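S.K.: Structure provided below as structure tokens; questions to follow.
FYI, it's all coordinate maths here, none of it is from the lab. Computed from a predicted structure; not experimentally measured. For neighbour counting, all protein chains shown are included, and Cβ atoms are generated from backbone atoms with ideal geometry for every residue, glycine included.
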Amino acid sequence: MIPPDAIFASMGMFIIDEIHYSEMFHQEPQYDIIGGGGTYGAIGARIFATKDNRTRIGWIVDQGSDFPEHIRTEIDSWCTGVIYRRDNSRLTTRGKNTYTEREKRDFEYMTPKKRIEVVDLLENPSLLKSQTYHLICSSERCLEIIGALKEGRAQYDIPDPVIIWEPVPYDCTPENFAHCCAILDRVDIFSPNAAEAAAYFDKPEPSEPADIEAVADAFLPFLKKKSLYGNGVVLRCGAMGCLVKTSVSKTTSWIPAYHNPQNLDYKVVDPTGGGNTFVGAFAASFIVGKGNWTLSGICGNIASGIAIETIGAPVLSSANGKDIWNGVSLESRISRYIERNPQLTVSAEEVLAIV
């Protein structure tokens, strides 16, 4: 059976994580945890791509000789358009996450990594014809991927894809600012977190809305790609939610985070993957919602909130044909979020319409 063309494809990797904590956390190490930026991006897209669209969430999982069967069982339960590649001559990409203090995480690879390249998409037309691509990489690699995608997709009579780019932290330096801006005219959505965006100017993470908006303003003029739904900067701001600034309406929108310490159901267990999950949900919702920036930001925040409630991937179950994430239905989460944020111009019905 030929898989349907993807609405979302991630160029990020699948990684099996282990998590270690310093003594201040009083927690035991965790092993064989599903991880990787590509994985979390796919999870985010899957959260808001139910029914027929869930199989149109495209991503690649590289399995080594040590790949645990229980992990495949969990991934299969999501019913995405995942593509597995088995190579018994190598080990699965594994990473070690070490939390040394609150919200500070060190990461290192424990086995050689295997990146997803555009040539891999050429072998999988459903991914090559995706409507949007999630890039997690340096500015140099971003440029290479976009160029290769253009060349590879030339054989099809299809519109240009939406490119959403997450820069990697080590690339966010003053020395790379000019190079970053030089390629933004090939990107539709630029989505670093607030700390990464500020790092381009050698500044600490801003905490005041005005300072965050000023950082976003520095990038917006360089987003000049002729896009169906315009271009924008979407800064991920942790507990503050996200900031959306677009070239379409020249508006600034603050969209609150899903979890608020003032709410009784507040639950933040592990922030790992929250940003990637946000971007995946934003991208998929942006396509299905036909370029609705506010709606996409809402979906991104809700999905991110789900991801950070657990260590590793959120737990999916179902009841009466509806998705249940970490024990709460997506429908309930959407209704609760909209009810708590009446200032938003999107109704719960509008969000549910794309699910």
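S.K.: Filter Lys129/Lys250; Lys203/Lys226; Lys150/Lys226; Lys203/Lys225; Lys129/Lys290; Lys245/Lys290 down to the pairs with a C-alpha to C-alpha distance above 22 Å, please.
M.R.: Over 22 Å Cα-Cα: Lys129/Lys250; Lys203/Lys226; Lys203/Lys225.
S.K.: Pull out the extension gain between Val248 and Asp157, defined as 0.36 nm times the separation in residues minus the alpha carbon to alpha carbon distance; nm, one decimal.
M.R.: Stretched out fully, the Val248 to Asp157 stretch lengthens by 30.1 nm.
S.K.: With 10 angstrom as the radius, rank Ser318, Ser191, Ser247 by how many other C-beta atoms surround their C-beta, starting from the fewest.
M.R.: By the 10 Å Cβ count, ascending: Ser318, Ser247, Ser191.
S.K.: Pick out, in residue order, every one of the chymotrypsin sites (Phe, Trp or Tyr not before Pro) in segment 112-174 that is DSSP loop and has at most 13 other C-beta atoms within 10 Å; say none if there are none.
M.R.: Sites meeting the loop and neighbour criteria: Tyr156.
S.K.: Would you be so kind as to identify which of Gly64, Gly274, Ala303 lies farthest towards the positive end of the dipole of segment 8-353, taking Lys and Arg as +1 and Asp and Glu as -1 on Cβ and the Cα centre as origin?
M.R.: Farthest towards the positive pole: Ala303.
S.K.: Provide the net charge surrounding Glu331, with neighbours chosen by a C-beta distance below 10 Å and charges set as Lys +1, Arg +1, Asp -1, Glu -1.
M.R.: +2
S.K.: Another question, then. Long-range amide H contacts for Ala313: which residues qualify at under 5 Å (H placed 1.01 Å from N, peptide plane, sequence gap of 5 or more or a different chain)?
M.R.: Ile34
S.K.: In addition: Which Cα, out of Gln30, His179, Leu223, lies furthest along the positive dipole direction of the chain (beta carbon charges, K/R +1, D/E -1)?
M.R.: Sorting the options by dipole projection puts first Leu223.
S.K.: Next up: Mind checking Rg over Rh on the chain, alpha carbons, Kirkwood formula for Rh?
M.R.: 0.93
S.K.: Using a/c under 1.5 as the rounded threshold, could you call segment 206-304 rounded, prolate or oblate? The axes a ≥ b ≥ c are square roots of the C-alpha gyration tensor eigenvalues, and prolate needs a/b larger than b/c, oblate otherwise.
M.R.: Because a/c hits 1.5 or more and a/b fails to exceed b/c, segment 206-304 counts as oblate.
S.K.: For segment 84-133, what class follows from the C-alpha gyration tensor (a ≥ b ≥ c being the square roots of its eigenvalues): rounded when a/c is under 1.5, otherwise prolate if a/b is larger than b/c, else oblate?
M.R.: oblate
S.K.: List, in order, the whole-Hz ³J(HN,Hα) value for each residue of segment 278-293 obtained from phi through the Karplus relation with A = 6.51, B = -1.76, C = 1.60 and θ = phi - 60°; use x for Gly and Pro.
M.R.: Values, residue by residue: 4, 5, x, 5, 4, 5, 5, 5, 4, 6, 5, x, 6, x, 7, 5 Hz.
S.K.: List every residue whose amide H lies under 5 Å from the amide H of Val61, counting only residues 5 or more places away in sequence or on a different chain, with H placed 1.01 Å from N in the peptide plane.
M.R.: Ile83, Tyr84, Arg85
S.K.: Quick one: dipole size for the chain, taken about the Cα centre, charges +1 on Lys/Arg Cβ and -1 on Asp/Glu Cβ, in debye to the nearest 20.
M.R.: 840 debye
S.K.: Among the trypsin sites (Lys or Arg not before Pro) within segment 288-355, which fall in a DSSP loop and have no more than 15 other Cβ atoms within 10 Å of their own Cβ?
M.R.: Lys290
S.K.: Write down the percent of antiparallel bridges among all DSSP beta bridges whose residues are both part of segment 8-353, to the nearest 5.
M.R.: Counting only bridges with both partners in segment 8-353, antiparallel ones make up about 50 percent.
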